[in-house]
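Student: Here it is, the structure, as structure tokens.
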Amino acid sequence: MRAFIFMLTYMITSFAEKQDLSGKMFTFPVESDTAHVILVPNQSKSLTAVTVCLRFFSDLTRAKSLFSLATPTNANAFLLFKDNAYHVYQETSTRFAGLEDKQNEWNSICATWDSQTGITQIWVNGKQSVRKGISKGGIISGTPSIILGQEQDSYGGGFNRGESFSGMLTDVHMWDKVLPYPEIALYMNHIPQKTDGNVINWRSLDFTANGYVIVENQVN
């Protein structure tokens, strides 16, 4: 039933007018197992490479989901997660230690994965991680469920308050390729990029906010 509701929402929002959220942010004012934002991708083709970039502001010290992409067969098709370290999930997971975000400040994050080599890497506030291997030869296929604010334990649902995000999120972009380092550096330094995300584009975004989520002007 939850999958049916997600598909219905996907079909409805696919016809929604896209919004330019430049200078805007999603605010998640409380911890919950309900508040989330569904992002409708600009394409739903199979993916063999991914880059996700976003900025977040939070005072949470516990585990939290920053970006959750599920497919009908894989709840963690591409998940960016933070507890005492950063984790990237694609079928399996890998852990990146020693890259600390800052509480009550804006943090810029990018994560990449390339199926051909299996190499995944993250950048946090301009500092890059070691390059690690995960899911070499893997593929992300099936209609994606992309959610901010919650971690999907099942397709479009299975939310857990203890893994939810509270705080602010902005400048979310996703590409179907590994973004070159110079482009990631531009993002980290808040310099306009040559190209916006071609899967998720913050400046042309289809989304549905559910529960206690507010769209408001970004605060510095």
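The values are calculated or read from the model by the stated rules, or taken from the named source; none is laboratory data. Given the structure is predicted, the values throughout are model-derived calculations rather than measurements. Glycine also receives a Cβ, built like all others from the backbone with ideal geometry; neighbour counts cover every protein chain displayed.
Student: Restricting to region 169-178, count the residues that are charged (D, E, K, R) and either closer than 25 Å to Val215 by Cα or assigned to a helix (DSSP H, G or I) (or both).
Tutor: Just the residues of region 169-178 that are charged (D, E, K, R), to begin with: 171, 176-177.
With either closer than 25 Å to Val215 by Cα or assigned to a helix (DSSP H, G or I) (or both) added as a condition, the list becomes 171.
So the count comes out to 1.
Student: Return the residues of region 113-159 that are among the polar types (S, T, N, Q), part of a loop (DSSP other than H, G, I, E, B) and either more than 28 Å from Phe57 (Cβ to Cβ) or touching a Gly at 6+ places or on another chain (Cβ under 9 Å) (or both); say none if nothing qualifies. So that I can check it myself, show each step before the final result.
Tutor: To start, the set of residues in region 113-159 that are among the polar types (S, T, N, Q) comprises 115-117, 120-121, 125, 128-129, 135, 141, 143, 145, 150, 152, 154.
Narrowing further to those that are part of a loop (DSSP other than H, G, I, E, B): 115-117, 125, 129, 135, 141, 143, 150, 152.
Ser115, Gln116, Thr117, Ser129, Ser135, Ser141, Thr143, Gln150, Gln152 - these are the residues of region 113-159 that are among the polar types (S, T, N, Q), part of a loop (DSSP other than H, G, I, E, B) and either more than 28 Å from Phe57 (Cβ to Cβ) or touching a Gly at 6+ places or on another chain (Cβ under 9 Å) (or both).
Student: What number of residues within region 179-220 satisfy the criterion of being assigned to a strand (DSSP E or B) and of a type in the set (S, T, N, Q)?
Tutor: Restricting attention to region 179-220, the residues satisfying the condition of being assigned to a strand (DSSP E or B) are 200, 205-210, 214-217.
When the remaining residues are screened for being of a type in the set (S, T, N, Q), the result is 208, 210, 217.
Count: 3.
Student: Let me ask something additional. Of everything in region 25-58, what is hydroxyl-bearing (Ser, Thr, Tyr) and outside any loop (DSSP other than H, G, I, E, B)? Give them in sequence order.
Tutor: At the first step, the residues of region 25-58 found to be hydroxyl-bearing (Ser, Thr, Tyr) are 27, 32, 34, 44, 46, 48, 51, 58.
Thr27, Thr51 - these are the residues of region 25-58 that are hydroxyl-bearing (Ser, Thr, Tyr) and outside any loop (DSSP other than H, G, I, E, B).
Student: Based on what the data block shows, is Phe165 hydrophobic (A, V, I, L, M, F, W, C), in a loop (DSSP other than H, G, I, E, B), in contact (Cβ under 8 Å) with a residue 60 or more places away in the chain and surrounded by 20 or more Cβ atoms within 10 Å (Cβ to Cβ)?
Tutor: Values: hydrophobic (A, V, I, L, M, F, W, C): yes; in a loop (DSSP other than H, G, I, E, B): yes; in contact (Cβ under 8 Å) with a residue 60 or more places away in the chain: yes; surrounded by 20 or more Cβ atoms within 10 Å (Cβ to Cβ): yes.
Here the answer is yes, as Phe165 does meet what is asked.
Student: Then there's this: Which one of the conditions (1) surrounded by fewer than 20 Cβ atoms within 10 Å (Cβ to Cβ); (2) under 21 Å from Trp202 (Cβ atoms); (3) among the polar types (S, T, N, Q); (4) at pLDDT 95 or above does Ser65 fail to meet, given that it meets all the rest?
Tutor: Only one criterion is unmet by Ser65, namely (1).
Student: When only residues in region 170-189 that are closer than 24 Å to Gly149 by Cβ and charged (D, E, K, R) count, which is surrounded by the fewest Cβ atoms within 10 Å (Cβ to Cβ)?
Tutor: Top of the filtered list is Asp176.
Student: Would region 208-219 turn up any residue that is of a type in the set (D, E, K, R) and buried (at least 19 other Cβ atoms within 10 Å of the Cβ)? Break it down into steps so the answer makes sense when it comes.
Tutor: Step one: of region 208-219, the residues of a type in the set (D, E, K, R) are 216.
Remaining after also requiring buried (at least 19 other Cβ atoms within 10 Å of the Cβ): none.
Looking for residues that are of a type in the set (D, E, K, R) and buried (at least 19 other Cβ atoms within 10 Å of the Cβ), one finds none in region 208-219, hence no.
Student: Do you know which of the residues in region 44-59 that are surrounded by fewer than 16 Cβ atoms within 10 Å (Cβ to Cβ) and farther than 17 Å from Trp113 by Cβ is nearest to the chain's Cα centre (by Cα)?
Tutor: Among them, the one singled out is Ser44.
Student: Next question. Output the number of the condition that Thr13 fails; it satisfies all remaining conditions of (1) within 23 Å of Thr170 (Cβ to Cβ); (2) at pLDDT 95 or above; (3) surrounded by fewer than 21 Cβ atoms within 10 Å (Cβ to Cβ); (4) not aromatic (Phe, Trp, Tyr).
Tutor: Evaluating Thr13 over (1) within 23 Å of Thr170 (Cβ to Cβ); (2) at pLDDT 95 or above; (3) surrounded by fewer than 21 Cβ atoms within 10 Å (Cβ to Cβ); (4) not aromatic (Phe, Trp, Tyr) leaves (2) as the failure.
Student: What are the pairs with Cβ atoms under 6 angstrom where one residue, in region 100-117, is under 16 Å from Leu66 (Cα atoms) and the other, located anywhere, is of a type in the set (Lys, Arg) and at pLDDT 95 or above? Sequence gap at least six, or different chains.
Tutor: Trp106/Arg55; Ser108/Arg55
Student: Would you be able to say whether some residue in region 28-42 is buried (at least 21 other Cβ atoms within 10 Å of the Cβ), within 28 Å of Pro182 (Cα to Cα) and of a type in the set (Phe, Trp, Tyr)?
Tutor: no
Student: Picking from Met25, Met7, which residue would you name as being at pLDDT below 95, of a type in the set (A, V, I, L, M) and either at positive phi or surrounded by 14 or more Cβ atoms within 10 Å (Cβ to Cβ) (or both)? Walk me through how you get there before you give the answer.
Tutor: Values: Met25 fails: at pLDDT below 95.
Of the residues listed, the single one that is at pLDDT below 95, of a type in the set (A, V, I, L, M) and either at positive phi or surrounded by 14 or more Cβ atoms within 10 Å (Cβ to Cβ) (or both) is Met7.
Student: Now for a separate question. Testing Gly137 on (1) surrounded by fewer than 22 Cβ atoms within 10 Å (Cβ to Cβ); (2) of a type outside the set (Asp, Glu); (3) touching a residue at least 60 places away in the same chain (Cβ under 8 Å); (4) out of contact with any helix residue (DSSP H, G or I) (no Cβ under 7 Å at 6 or more places or on another chain), one condition comes back false. Which one is that?
Tutor: Only one criterion in (1) surrounded by fewer than 22 Cβ atoms within 10 Å (Cβ to Cβ); (2) of a type outside the set (Asp, Glu); (3) touching a residue at least 60 places away in the same chain (Cβ under 8 Å); (4) out of contact with any helix residue (DSSP H, G or I) (no Cβ under 7 Å at 6 or more places or on another chain) is unmet by Gly137, namely (3).
Student: Which of (1) part of a strand (DSSP E or B); (2) modelled with pLDDT under 95; (3) not basic (Lys, Arg) does Ala70 not meet, given it meets every other one?
Tutor: Checking Ala70 against (1) part of a strand (DSSP E or B); (2) modelled with pLDDT under 95; (3) not basic (Lys, Arg), the one that fails is (2).
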